[in-house]
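Accompanying notes for the structure given below.
The values are calculated or read from the model by the stated rules, or taken from the named source; none is laboratory data. The shown structure was predicted, so the numbers you read here are calculated from the model rather than taken from an experiment. With ideal geometry, Cβ positions are generated from the backbone for all residues, glycine too; neighbour counts draw on all protein chains shown.
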Amino acid sequence: MTQQREQLVELQRQLQQRLAKVQSDLQSLKEADSAEQAQQRENDEVLQDLAAHLQKELLQLHIALEREAQGKYGVCIACGDDIAAPRLKILPFATHCQHCAH
Ligand SMILES: [Zn+2]
């Protein structure tokens, strides 16, 4: 396993843990019987946004891992150019270069 792949797998594990935590928080919010309904709904929305965000990152990470297996990690899916190293450092699961991401 390459160091790159190890990093991606580790990141995947962390994201999955965070997602599991958010989903269990959502579940306990649903089960909570509180008078503060409005506040609850607000929290609920924040958590749902976070869950959606994490799921999106996990999907991108999954694609990045598949591309890594094909030896194409760090290559933009859209234009085929190399994704800049600083961008990959911040977004290890990036599948698009800065140009194509916009
Ligand atoms: Zn591109």
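Screening the range 71-87 for residues that are outside any loop (DSSP other than H, G, I, E, B) and within 13 Å of the ligand (Cβ to nearest atom) and picking the one that is surrounded by the fewest Cβ atoms within 10 Å (Cβ to Cβ) gives Asp82.
Collect the residues in the range 49-70 that are part of a loop (DSSP other than H, G, I, E, B) and within 16 Å of the ligand (Cβ to nearest atom), keeping them in residue-number order.
Within the range 49-70, the first condition is being part of a loop (DSSP other than H, G, I, E, B), and the residues that meet it are 70.
Correct list: empty.
Among the candidates Glu31, Glu68, Glu45, the residue that is surrounded by 11 or more Cβ atoms within 10 Å (Cβ to Cβ) and either among the charged types (D, E, K, R) or closer than 18 Å to Gln4 by Cβ (or both) is uniquely Glu68.
Against the condition among the aliphatic types (A, V, I, L, M) and at pLDDT 95 or above, how does Ala51 come out, does it pass? Reasoning before the result, please.
Numbers: among the aliphatic types (A, V, I, L, M): yes; at pLDDT 95 or above: yes.
Yes: the conditions hold for Ala51.
Going through (1) within 16 Å of the ligand (Cβ to nearest atom); (2) not in a helix (DSSP H, G or I); (3) not polar (S, T, N, Q) one by one, Pro92 falls short only on (1).
The test for being more than 16 Å from the ligand (Cβ to nearest atom), modelled with pLDDT under 90 and over 22 Å from Gln16 (Cα atoms) holds for Gln37.
Restricting the first member to the range 83-102 and to residues that are hydroxyl-bearing (Ser, Thr, Tyr), and the second to residues that are within 9 Å of the ligand (Cβ to nearest atom) and assigned to a loop (DSSP other than H, G, I, E, B), the beta-carbon pairs closer than 9 Å and six or more apart or on different chains are Thr95/Cys76; Thr95/Ile77; Thr95/Ala78; Thr95/Ile83.
Test Gln23 against the stated conditions and say whether it is in a helix (DSSP H, G or I) and farther than 27 Å from Leu91 by Cα.
Details: in a helix (DSSP H, G or I): yes; farther than 27 Å from Leu91 by Cα: no.
So Gln23 fails the test.
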